[in-house]
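The values are calculated or read from the model by the stated rules, or taken from the named source; none is laboratory data. For clarity, every value in this text was computed on a predicted model and none was experimentally measured. Every residue, glycine as well, gets a Cβ built from its backbone with ideal geometry; the counts of neighbours run over all protein chains shown.
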């Protein structure tokens, strides 16, 4: 059975992943470096072309001005919030490559890399994707995600809330009895936190309560450790390095790696050689100190969890003690104290806080499972795309089992109230928080507020009774037949929200039944013209989009000529095509657990016959480069080097 060419994408704040249905199962596709997640980092190669993932992440300390991280936090966000009709707000921009980019353009680079990764895996073009978003994402953020996909030349078949995708992957759709079960999905990623209360019955997964924090995640934990380390350096060495952005980023990379160690160990040491030409330090960090540094951040996550539970109680009458299990999502849930913290907070046994599927992959896999029920297109369809699933009588066919022969209905809810501005400052709610998705609601008690031929319907999202205390998410201009006195025209406003959580607005004049359906205008969204222009620009500057390989100056032979030979090697032992070139010794900052194997591999390479030398030399060199650059791949490459060494020993 061939691949189903609609991919599932987890577009994460710090790491992203892509999956596809291979005919038997949903698989998370490995990157060129052999990892199933790709750092959501965008940077430049030496030729000024855009690169994504680990290569870009390795530039973070050396070229922070041209390395963009955590752009998901800026999607659909204002730099200066709108404060009134005459103060429309200023959309956020990202400085990169000497120009200002929309955040969705930076995200498009990441999507282009994931798309290319999938195309390389199956050997065919891919045009369609199901993309996950946090449940708390507002309309402009969801729209900006769709903008990014179009810039990457992907048809968005559906935007799926991350907790919903995770629930599908955990198998919550395969309930074997007729009862309704209640779960909490606790999604703590690298930069955002999302929590949903879901109810599952045979053939149905319903989100009944949501909460979240767009500024809470593993990156914030890394910042806490970084601040702690720099304070230790200041106290012990009298040097304040906290204002140096490059040093902060280097320490933060080391903090991330040691944080991972503390998930399985009681203590770790941050190795930081040559932070300055005169300063090299080793800073110990215990799990107890680490947990005390992040306690208030974890408390914030529990407050969001309680908010979601209260939301579920108000909308569906669900009580706290009805929650049977917690499903853990996101790499930060590996922190050792999180499972017992949640078990205690909800009165559950530890076994009921589940992490049996890799937290890094569960959302991508769930997206891929949903994606298999959407048809693949022959090309990029852009604005003409109709986001409809393959039709089944009862919903999406997620493969399967007990749930209505594999058919399951996914029902999400709105994470915020949607409404419009009335009486110059009031917020009139039209779609309340926790309304069903998809859904529609109409209010018909509006009139024109003054004499004029045009009125502007301003749409907001939030919970405050004062409109401009909420988020302005769009405007809908209406041209009236003629100017009449205030109160003459009567209107019905309809909000319709599709399965991706994207809003459509229509206004009907009750005087003559004329209906206006104008495209929603939002200053933080990209226009059609911007999307087309950006798509062409991104393709031009993205590394790997060129065809053919450039010839080195002077030709390839001149590049090879004159390379030094290994000291003491006989001419017969040396060949330009083997791996006998001099290897660098293990760096001083080699992690302690890999120092022995690195030193022994360095010595063994020269002792091996040519036929067995290449694999060990390659594994050793990749490990050394990762250590020198402070790469997050050090541990994986060190383990690989260890395996290769003992194979050749």
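Some notes on this structure:
- Residue within the range 333-348 that is in contact with a strand residue (DSSP E or B) (Cβ under 9 Å, 6 or more places away or on another chain), crowded, with 16+ Cβ neighbours inside 10 Å and under 19 Å from residue 11 (Cβ atoms) present: yes
- Flag if residue 29 is closer than 23 Å to residue 366 by Cα, surrounded by fewer than 20 Cβ atoms within 10 Å (Cβ to Cβ) and touching a residue at least 60 places away in the same chain (Cβ under 8 Å): no
- Some residue of the range 353-363 being in contact with a helix residue (DSSP H, G or I) (Cβ under 9 Å, 6 or more places away or on another chain), assigned to a strand (DSSP E or B) and modelled with pLDDT of 90 or more: yes
- Screening residue 173 with (1) surrounded by fewer than 24 Cβ atoms within 10 Å (Cβ to Cβ); (2) at pLDDT below 85 gives one miss only, at (1).
- If you go through the range 272-283 and pick out every residue that is surrounded by fewer than 18 Cβ atoms within 10 Å (Cβ to Cβ), out of contact with any strand residue (DSSP E or B) (no Cβ under 6 Å at 6 or more places or on another chain) and part of a strand (DSSP E or B), you end up with 2.
- Residue, farthest from residue 423 (Cα to Cα), within the range 453-485, restricted to residues that are part of a loop (DSSP other than H, G, I, E, B) and touching a strand residue (DSSP E or B) at 6+ places or on another chain (Cβ under 7 Å): 462
- Residue ID - farthest from residue 272 (Cα to Cα), chosen from residues in the range 55-91 that are at pLDDT 90 or above, in contact with a strand residue (DSSP E or B) (Cβ under 8 Å, 6 or more places away or on another chain) and surrounded by fewer than 20 Cβ atoms within 10 Å (Cβ to Cβ): 66
- Residue ID - farthest from the chain's Cα centre (by Cα), chosen from residues in the range 444-471 that are under 16 Å from residue 493 (Cβ atoms) and in contact (Cβ under 8 Å) with a residue 60 or more places away in the chain: 444
- The set of residues in the range 590-617 that are closer than 22 Å to residue 284 by Cα and either out of contact with any helix residue (DSSP H, G or I) (no Cβ under 9 Å at 6 or more places or on another chain) or surrounded by fewer than 17 Cβ atoms within 10 Å (Cβ to Cβ) (or both) comprises 592, 593, 595, 596.
- Each residue in the range 141-170 was checked for being crowded, with 24+ Cβ neighbours inside 10 Å and within 30 Å of residue 343 (Cβ to Cβ), and 10 pass.
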